[in-house]
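Asks: Dropping a structure here in structure tokens format, bear with me for questions.
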Amino acid sequence: MSVAPKLSKEVKISMVLMSVVLGFSLAFLFPKHEEFVATGDVVSVEELGIRGSVFFTYVNSGVTTNLFEKLAFQNSYPDVEFTPISPLEYAYYNEQLEEMESYKEDAIFNAVSLSVPEESSESNILYSRVSEILEHSSLYSGDSFGLMVAIGLFEEWNGRDYSRNQSLLIAGTGTINSDYTVGEVGAIRHKLLTAEQNQVDIFFVPKHREYYGETKSNQLEAFEVVEKEDLSLNVIPVATLDEAIDYLENLYRKKGG
């Protein structure tokens, strides 16, 4: 017959503490997916190698996979908002990430081909310019800067400075399609808040051409955010690149070129 040795008080306390630490570690690292979005910054199209005066807006967004990551983002971005997502939604999100690069390539190609003068529209010039902008935009994902890239290229090829030497801060968001139309984007609220934080004067958003059931159009949501948050920027909805250019050209002429 043998008798199991008794554990000392110190060993018992150590085991309890280890269990607590292990429990907290498992809780912090247990898979839990949440989509997040927070304000970001406005970026000059000059950073994309474009000789224009306008800015595009980006937000900080992504998906956290556990509580530890969530707390880290909360510490980095005080205004961050989280939305729980299911495993199926998480898988779909990852698929979208893989497609974002192709969306960005399409947006840049459309912006270049729609903005370049006819005399410079040879395919080798177009693809060379697209490649240059893609190289400069490696830090950014998605296609929501398409409209502002197109406006910046129009400035570059037509010798315009719509900001009048940065006396006006012009920014915006929206995809650009091959038929000149401006497409809807996500995170409108946080993009507007980002623009306001950066003292943007004029902010372009996609103009709604149809309603999507219970989903608000970018235009409707933008106006609601401006009113609710008492923003001072001037929101300009546009359905096409031509509408945006016409607005800026009228402003340009009123201010004496």
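Computed from the coordinates by the stated procedures, all read-outs in this text should not be read as laboratory data. Here the structure is a predicted model, which is why all the values come from computation and not from measurement. Cβ atoms come from the backbone with ideal geometry, glycine included; neighbour counts cover every protein chain shown.
Asks: For segment 51-93, what are Rg and Dmax over the alpha carbons, in angstrom?
Replies: 14.4, 43
Asks: Is the shape of segment 134-173 best called rounded, prolate or oblate, per the rule: a/c under 1.5 gives rounded, else a/b larger than b/c gives prolate, else oblate, with a ≥ b ≥ c the square roots of the Cα gyration tensor eigenvalues?
Replies: prolate
Asks: Could you name the aspartates and glutamates whose alpha carbon sits less than 17 Å from that of Lys216, not counting residues in the same chain fewer than 8 places away?
Replies: By straight Cα distance, Lys216 reaches Glu184, Glu224, Glu227.
Asks: Label Asp242 and Asp79 with points 7 Å out from Cα along Cα→Cβ: what is the distance between them in nm?
Replies: Each label point is offset 7 Å from its Cα along the Cβ direction, giving 3.6 nm.
Asks: Moving to a separate point now. Quick one: Cα centre-to-centre distance for segment 68-125 and segment 126-175, in angstrom?
Replies: 16 Å
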